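I have placed the structure first, in the form of structure tokens, so that the comments after it can refer back to it.
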Ligand code: BTN
């Protein structure tokens, strides 16, 4: 990663205090472990390789060295705004940045993935807690860029890379700079019009009234999405009429026309 080129193209708060390590365990963890008082709004860490990259629900996040965008950002976070809103904001920022840099269209997948041609290309992991500087959260973003998933068995099935889908490599420094710019825009929106971020996120997901297949700790089941909540949860109704809130699961839309009803 040409970190000087990236530094030169950053003009806002996000990424202004930019750290680079050729290799690190996890960028989220590195940021989390900074001493209290040493990070500010927008402090970011970028790496070329993570030996213990972390995904949601204890999964690993793997990318070959020098192939991808792996970064985390500390954001000043008002206590009254749910952590889930940072994922919504980051997903919208990543979607805009990726579209601007590649010209391709990306879809959001609940709760925090970006898909390209139906396959996962970007994941987001937001974290907060007492163990880190008070008033901050960490948003970690991984974008699969310039490698072939078929050659890397450790990368989850159903994933892809920008290069695989577009046939050409992306310039990671440009993509990172655009991502920082879009995060700046969406972070401002979140502070000024928090409802707008939720509305934009939920309309991109387009899940309301859809029949979904939910895979969670209790098994695999189907339900109709009745609403998305500002805390990121899915409100669903099972076929027996029972209503549930889903916070953590793999959710996919069952291919079925809207309005279809099951007995
Ligand atoms: C997921 O989809 O499960 C979330 C993946 C998040 C991966 C990124 S890569 C940079 C940052 N550091 C980490 O350890 N994880 C996030």
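Looking only at the range 17-38, residues that are assigned to a loop (DSSP other than H, G, I, E, B) and over 23 Å from residue 177 (Cβ atoms) come to 6 in all. Whenever a residue of the range 95-117 is touching a residue at least 24 places away in the same chain (Cβ under 8 Å) and closer than 11 Å to residue 162 by Cα, its partners that are within 12 Å of the ligand (Cβ to nearest atom) and in a strand (DSSP E or B), lying with C-beta atoms within less than 9 angstrom and at least six residues away or across chains, give the pairs 98/114; 98/121; 98/122; 98/143; 116/122. So for the range 67-75 (the condition being modelled with pLDDT of 95 or more, within 25 Å of residue 152 (Cα to Cα) and more than 9 Å from the ligand (Cβ to nearest atom)), does at least one residue qualify? Looking through the range 67-75, at least one residue is modelled with pLDDT of 95 or more, within 25 Å of residue 152 (Cα to Cα) and more than 9 Å from the ligand (Cβ to nearest atom).
Among the residues of the range 159-217, those identified as buried (at least 18 other Cβ atoms within 10 Å of the Cβ), without any contact (Cβ under 8 Å) to a residue 40 or more places away in the chain and over 24 Å from residue 63 (Cα atoms) are 202, 214. Considering 62, 41, the condition of being farther than 16 Å from residue 94 by Cβ, within 13 Å of the ligand (Cβ to nearest atom) and assigned to a loop (DSSP other than H, G, I, E, B) is satisfied by 62 alone. Confirm whether residue 229 is free of Cβ contacts under 8 Å to residues at least 24 places away in the same chain and closer than 30 Å to residue 79 by Cα. It is true that residue 229 is free of Cβ contacts under 8 Å to residues at least 24 places away in the same chain and closer than 30 Å to residue 79 by Cα. Of 46, 87, all but one fail to be within 14 Å of the ligand (Cβ to nearest atom) and not in a helix (DSSP H, G or I); the exception is 46.
Within the range 50-59, being within 8 Å of the ligand (Cβ to nearest atom) and surrounded by fewer than 24 Cβ atoms within 10 Å (Cβ to Cβ) holds for 52, 54, 55, 56, 57, 59.
For the range 110-214, the helices (runs of 4 or more DSSP H) that sit wholly inside it and include 2 or more residues that are more than 20 Å from residue 79 (Cβ to Cβ) and either within 14 Å of the chain's Cα centre (by Cα) or within 16 Å of the ligand (Cβ to nearest atom) (or both) are 172-192, 194-205.
The values are calculated or read from the model by the stated rules, or taken from the named source; none is laboratory data. Only a predicted model underlies this, so the values are computations on that prediction, with no experimental measurement involved. Cβ atoms come from the backbone with ideal geometry, glycine included; neighbour counts cover every protein chain shown.
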